[in-house]
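Data block below; observations after.
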Amino acid sequence: MKRQSQMLSLLAVILMALLVLSGCGSVATTTTSSTPSTVPTTVTSSPTTAPTGTTATIRTDRFPVAIQNGAGQDVVIQSEPMAIVCTNVWAAEILFELVDTDRLVGLSMWNDEPTMTVTAEKAKSVKTRVSTQQAEGIISLMPYLVIIDSFSDPDGALTKILTDAGAVVLAMNSPTDFTMITDAIRTLAKAVGAIEQGEQIISEMNRTLDGVSEAVDRIKDEDRLKTLFYEAYYDQSGTNAGMLAAYGKGSTFDAIAEAAGLVNVCNAPNYSAVSKEKIVGEWQPDILIVPGIVYNEQYEPSLDLDKSLVEAVLRDPLMETLPAVQNRRVFALTEAYRGSTSQYMAKAVEELAKAAYPQLFP
């Protein structure tokens, strides 16, 4: 029972981290009230001045502009936003390539975690951290534009509070594939008046994906390797309690695997628990991908530098019949790429393809 309790606790933490990395911040439970939660169809705000000390030139030729939020509603931005709050990691990763950091006045605390985002160093130049659970903290920064993940505001209450305070709120859905990532980049680029920079990000991402595609397209469908993202729990004795969460169709790992020329064998509902018997007896992956981070007793993440998860899978006697284990093809991708849902996810595709088909990448 103790091991099962540990496993369920760790599952909750890992899924929370996954949702945060996918832009799914905390729900604004402390800001909900008797105020109506309906999100306005069109949100507008008066122009604001640039933050004190900024040297950016304010553009006027691309504003006002109407942007569609995650619900398909128009959000009108009257002037170039010079004070931006971003409450999710994936959107911040895009914004860092679109605007000068002096236009970002508030970020999520998860932007500081280098195991989870490659932009942690850039985030240091943004002073303030915000939470979707504390609307007053966001309002105190007097932002012109607030970017949130739709998951953080399921009933629209946070959007209502921030809009009533004078901010423009752009709620976006977390991307799960490269089409959605491309759309998200274009949406954010349009919102901040950086259309050319957005297209440059997309071009660089596609250059990476096209390089992988050119190599793996030579592989016949019947010869493509089978893979699985194996998010498992091992206790201190090395005993495996099974797979914690499934990453099947519609997951980011499925998009990574497909772009890398592999077949994701997971057909279970996303984030559901999966037994080891199913993996060993039915799926039989050729390549097994495990997380690149581990959690300590306080559930703080750190890079798995000694590959302890890889070694635990390879030593597990119940996994020894897997082709991936027999051929020692158990890998951990760079977690900040594998867990990203921005342009950096393309780097995970490249890593996986090279691990699976090294002969195609001399």
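What follows is calculated from the coordinates using simple rules that are stated; it is not laboratory data. The model shown is predicted, which means the values in this text are computed figures rather than measured ones. Methodologically, a virtual Cβ is constructed for each residue, glycine included, from the backbone with ideal geometry; neighbour enumeration extends over all protein chains shown.
Some points to look at:
- Ordering of 81-92, 297-308 by packing is 81-92, 297-308, highest average first (other Cβ atoms within 10 Å, averaged per residue).
- Amide H partners (placed H, <5 Å) of Ile293, local residues excluded: Asp304
- Residues Arg186 and Asp306, FRET efficiency given R0 of 41 Å [Cβ-Cβ distance, rounded to 0.05]: 0.50
- Sequence-separation-based contact order of the stretch 79-167, relative, with Cα cut under 8 Å and 6+ spacing, percent: 33
- Residues whose amide H falls under 5 Å from that of Glu231, counting only those 5 or more places apart or on a different chain, are Leu244, Ala245, with hydrogens built in the peptide plane.
- Computed from backbone phi, the HN-Hα couplings of the stretch 254-269 come to 4, 5, 5, 4, 4, 5, 8, x, 10, 10, 7, 7, 6, 10, 8, x Hz, rounded to whole numbers (Karplus: 6.51 cos²θ - 1.76 cosθ + 1.60, θ = phi - 60°; Gly and Pro given as x).
- Computed extension length for Ser272-Asp210: 19.1 nm, one decimal, from 0.36 nm per residue of separation with the Cα-Cα distance subtracted.
- For Lys249, the lysines whose Cα falls under 28 Å of its own Cα, not counting residues fewer than eight places away in the same chain, are Lys220, Lys226, Lys276, Lys278, Lys307, Lys347, Lys354.
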